[in-house]
Amino acid sequence: MKPILLSVAAASLGLAGCSTQAPPADLPAMPEGTCNADPAQSHLGHKASATSGGVLLRLTGARTLRWVPPRSAVTMDYRADRLTVSYDDDYTIVRISCG
């Protein structure tokens, strides 16, 4: 009798992982394409600072800013509302991209 119960329990756990749910109604939808890095490319070579970060956010329409220091690992997750700015050891901006 025990092997049958274990099989039923294992099957029900496996099916639970396949079920889908709608997102909560109060969860705001993230707008696609919020960030556009093209207008900020003229800032390559400028110094990274809090002030330049604010300017870059305004130029690109991004909601969040991610600074990437030299030799740093970053996640590869994509977010349409995020601006990613990489800089070198001298705090010179070397890359500006969305995501």
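Since every read-out is calculated from the coordinates, none of them should be taken as a lab result. Note that the structure is a prediction, hence the values are computed from the model and not measured. Note that each Cβ is placed from the backbone with ideal geometry, even for glycine, and that neighbours are counted across all protein chains shown.
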task: Run through all the Cα pairs of the stretch 33-99 and give the fraction in each 5 Å bin from 0, expressed as whole percent.
output: 4, 20, 33, 25, 16, 2, 0
- prompt: For the stretch 65-77, what does the Karplus curve 6.51 cos²θ - 1.76 cosθ + 1.60, with θ = phi - 60°, yield as ³J(HN,Hα) per residue in whole Hz, taken in order and with x for Gly and Pro?
  reply: 10, 10, 7, 10, x, x, 6, 10, 8, 10, 5, 9, 5
- request: With r as the distance between the Cβ atoms of Ser49 and Tyr78 and R0 = 25 Å, compute the FRET efficiency 1/(1 + (r/R0)^6) and round to 0.05.
  value: 0.45
